[in-house]
Structure formats: C-alpha cells, structure tokens
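For reference, the structure discussed in these notes is given below.
The values are calculated or read from the model by the stated rules, or taken from the named source; none is laboratory data. Source: prediction; values computed, not measured. Quick reminder, even Gly has a Cβ in these numbers, built from the backbone with ideal geometry, and neighbours come from all protein chains shown. SASA here: full protein model, heavy atoms, side chains in, ligands and nucleic acids out. Shrake-Rupley method; radii C 1.70, N 1.55, O 1.52, S 1.80 Å.
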Amino acid sequence: MAEVSYINPLSDEGREIIREYGDLNQIFEVDESLIEICTHTLNQKISDDNLIPKSYFDLCMKRMQWAIEKKNNNNFVPAEFEYLSNEELFAKDAVAFHILCQAIAIQFNLGSRETRLFIESQGTLILERLSKIPPISRAEIIDEVLDEVKVDGAINWKSLRDIVASKKIKMTDLLIDEGNIILQQDDFLYRFGDEFIDRSPERMYNILIGDSVKEQIISRLIMQKTEEYIGRIKEMSARIEIHPAIIKISEELKEFIPTEISKYNQYYTGSGGIYGSVEAGKLNPDAFPPCIKATVEGVSSGGRNDAIVLLLTSFASYARLYPRIFASDETVKVSDIDPDLTITENEILPLIFDAADNCTPPLFDDQPQEKINIISKLGFGMHETVDINHEGETKWYTPMSCEKIKIHLPHLCHPDKSCKGINNPLSCYGRKKFQLDKQSPKD
C-alpha cells in the first residue's frame, strides 16, 4: 500500500522523513537511487535524458515545470512526468516538497502567483496519485490520510467553504452532523448505524459518501495546510538564518517560474475570428468605445460612482492586462499577468484616478471611499492600495455588458459604427484596436 507521505507530505511520516534526511548540501548532488526510480517508472517517457531529475534540486524544478506545463501547455505530455506518480518516490518527493515550501516562503508573498501555483499543483498531484492507486488500497490510504488531517478528531464544514465555492463539491454532496463532515465508515456507523432498519448501514454509507468526495476533501485540506505551513515558514524566516541551499533554490525559482510561464501565457482578446487576435499591450485611447471615452473625459454627478468604479475600472484593467477574458475559461488574477503590479500602479490606476478627477464634482472630493471600491474591484480587497498579499480577498470584476450600461448608465451609451454587433465595450475595444494596429505602418 502507498505510504501516507506519498499523499500528505505534511503528515507525521513526512516530517520524520525530513528529520532523517540529513545535510541540505546534498540537494545539488547526483542521487543514483532517484535516477533509478524515475527511469524504471512504468510508462515513463525517457526519449530525452533531460526529462529525468538527477538530484533533489532537479526534482524540485521538475515539479514546478510539471505544474506550469500541466496548467498552460496545450501539448502537455503526461508521460514525461510519470515518475511523479511512482509510489517508490514517496520519501524523495516529501523532501522536495518541504524544500519547495521553504524556498517559496522566503522568496514570494503568500498570495503571489508563484505560491498559488505551487499550492494548487500539490492539490492536483494528490488527486492524480490517488486515481492511480488500486481501489482497495486507495480506500485504506484515504482513511489514513483523513485521520491525520482532522482537527480535534473532526472536519468542520466551515473548513471546506473554499472548495464548495469552487463548485468542485456541492453542499448536498456532504453528510454533516453537528457541524462536522462525516466521511469515514466507522464514524458513520457510530452516528447513524441504528437509524437503518430495512437497509444495511454499510451499504448506505457507500451510497451517501463516495470516494470522489473524500479525495476532493483530502486534496483541499492538504492545500490549506500547505498554505499555512508556508505562512509559518515565512514568519520564522524573519528570526532564523536560512540555509544557503534553500536561498539558492529560491533564487532559481524566481527566474525559472516566470520564464517557463511566459512560454505559454499569451494574453489575447477574442479567439481569432474575422478580426484576428488582439494582443494585450499599452492602452490605445483611439480604440476606446464611446461610453469609455465619455467616462475618461468626466461624468457629472449622478452617474460618477458606477461609471468610474464599475465600468472604467474593469474595462481598463482587462483591456490592458487580459483582453481575451470573454474567450477564455481560465480564472485569472491581476498578478498572473502583472506579477509586480507595476502596470496596475503606473498605467491602469492613474487612468482611473484621472477620470475620477475629471468628474463634476471630482469623485474623490466628496466620496474618497470610492478609491477603496476601485481597489476592491481589481481583486485586492477593501484597502486603499493594491498589495499582492491582499489579492484574492475580492473578485476581479469583468466589464459591464452594453445591456447593463444602457440600463444603469444610459447617458454614457451613445453607440457609433464601432459598436455595431457588439455586446460589451471590451469586445468593441478589441475589434477597433485590431483594425487600428493593422492600419499602422510596421517598424
């Protein structure tokens, strides 16, 4: 049967592996046993020797490369990373996991793109590994892992708010008793065994609580514990000296992650079509639709708030950073495209704030709280400035549709020929910008 640390590297078993590992200076040395495990993994593609990690450092970088490619590469080849699902790798992978947690904690903010990538990839890897364990063994390892991730002997439903919000699990999928989620058979039989007269309690357990629900919960809870663990390391790093090997890996990750992501993340508007693809880039005011031009020039009292906070903030941010939002099924944050927030602070916010000053009267003169609402609509919570550590506290709002503008801001809706056949000002901007770019002379 698979080891608990293979699924949960934060388990007692995983921590014991770390205590026994030894000198961190070994991270960069060739490890023959690691190479042996990876090359002899069933279905592993070894057409290129560079695919195989040869040291713990390599294993760390390969784990991050797998995370990036799986999320972004349309031509991703799972067989190139098959060794990550080899149960024999459990001890070495536990070491790599803890190394990555430490390196990420000292290099990146807790809410950064890089930290989120690692935490989300850990959840994905858990689900992949569980799916490849034979059913009988899987049920046993799931219960062992659940025993370890419980808090005070239980799992409270409140700890799963995020996974319910993500729609991966519905509240109706969960069996909740006195605020606690019932997942294991022994717990189910203890609480409800006497309730069933004409049916087998064991059979009812199998009907009401499926393995897929337990797997999703395990994945989400370990993701949460990984985030908490990274947070604790970050706090400790201010008081203790970090090993040079961890510092070196953190610096490598700082260069490696954005370089690898840039190979795949091309932010375009539309899906091609007759107007081609418009690449994200500097805003072109000449391509603004009439409603946006009017908002930038200044709005009179009565429609200022909605025009600046709801219309212009979402339009300017998506038009500059991610114009293809309506052609994509991705969930993105501002920092996915603007990691250090320089574009947001130096281009997007100044445009919005200037438009607010152009209002009659200037919006912030009598309603300074609207600055906080603008930050909120970009996804950075109810704060006065954008801060990567606050990202995700609120949602990055998508642009208003033309229909909503007609209803809520009719005095701004004066369509011209560029609006024909369009249902959103962002789409109008994309089409017009494409046409203007096509007319401009090439360098």
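A few remarks follow.
- Residue ID - surrounded by the most Cβ atoms within 10 Å (Cβ to Cβ), chosen from residues in segment 1-27 that are over 29 Å from the mean Cα position of the chain (by Cα) and part of a loop (DSSP other than H, G, I, E, B): 1
- When the helices (runs of 4 or more DSSP H) confined to segment 362-418 are screened for residues that are open to solvent by 70 Å² or more (accessible area, probe 1.4 Å), those reaching at least 2 such residues are found at 363-366, 402-408.
- Here residue 312 fulfils each of the conditions (1) over 25 Å from residue 338 (Cα atoms); (2) modelled with pLDDT of 90 or more apart from (1).
To keep it simple, each residue is scored yes or no on (1) among the polar types (S, T, N, Q); (2) open to solvent by less than 10 Å² (accessible area, probe 1.4 Å); (3) touching a helix residue (DSSP H, G or I) at 6+ places or on another chain (Cβ under 8 Å); (4) at pLDDT below 95.
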{"position": "92", "(1), (2), (3), (4)": "no, no, yes, no"}
{"position": "98", "(1), (2), (3), (4)": "no, yes, yes, no"}
{"position": "103", "(1), (2), (3), (4)": "no, yes, yes, no"}
{"position": "115", "(1), (2), (3), (4)": "yes, yes, yes, yes"}
{"position": "119", "(1), (2), (3), (4)": "no, no, yes, yes"}
{"position": "130", "(1), (2), (3), (4)": "no, yes, yes, yes"}
{"position": "134", "(1), (2), (3), (4)": "no, no, no, yes"}
{"position": "137", "(1), (2), (3), (4)": "yes, no, no, yes"}
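- Lone qualifier among 54, 70, 62 - being open to solvent by 70 Å² or more (accessible area, probe 1.4 Å), of a type in the set (D, E, K, R) and in contact (Cβ under 8 Å) with a residue 12 or more places away in the chain: 70
- Scope segment 28-57; condition assigned to a helix (DSSP H, G or I), within 18 Å of residue 90 (Cβ to Cβ) and among the aliphatic types (A, V, I, L, M); matching residues: 34, 35, 37
- Members of segment 238-269 that are modelled with pLDDT of 90 or more and open to solvent by less than 50 Å² (accessible area, probe 1.4 Å): 242, 245, 246, 249, 250, 253, 256
- Pairs with Cβ under 6 Å, 6+ apart, first in segment 1-28 and more than 14 Å from residue 87 (Cα to Cα) and touching a residue at least 40 places away in the same chain (Cβ under 8 Å), second open to solvent by less than 70 Å² (accessible area, probe 1.4 Å) and part of a loop (DSSP other than H, G, I, E, B): 24/243; 28/55
- Remark: pairs (first residue in segment 342-367, among the acidic types (Asp, Glu); second residue surrounded by 14 or more Cβ atoms within 10 Å (Cβ to Cβ); Cβ separation under 8 Å; 6+ apart in sequence or on different chains) = 345/386; 347/283; 347/320; 354/296; 357/363; 357/364.
- Filter result (closer than 19 Å to residue 370 by Cα and open to solvent by less than 40 Å² (accessible area, probe 1.4 Å)) within segment 331-356: 344, 348, 349, 351, 352, 355, 356
- Pair list, Cβ < 7 Å and 6+ apart or interchain, from segment 288-305 residues that are at positive phi to residues that are open to solvent by 30 Å² or more (accessible area, probe 1.4 Å) and among the polar types (S, T, N, Q): 298/358; 298/360
- The condition of being touching a residue at least 40 places away in the same chain (Cβ under 8 Å), at negative phi and within 15 Å of the chain's Cα centre (by Cα) holds for only one of 144, 88, 148, 114, that being 114.
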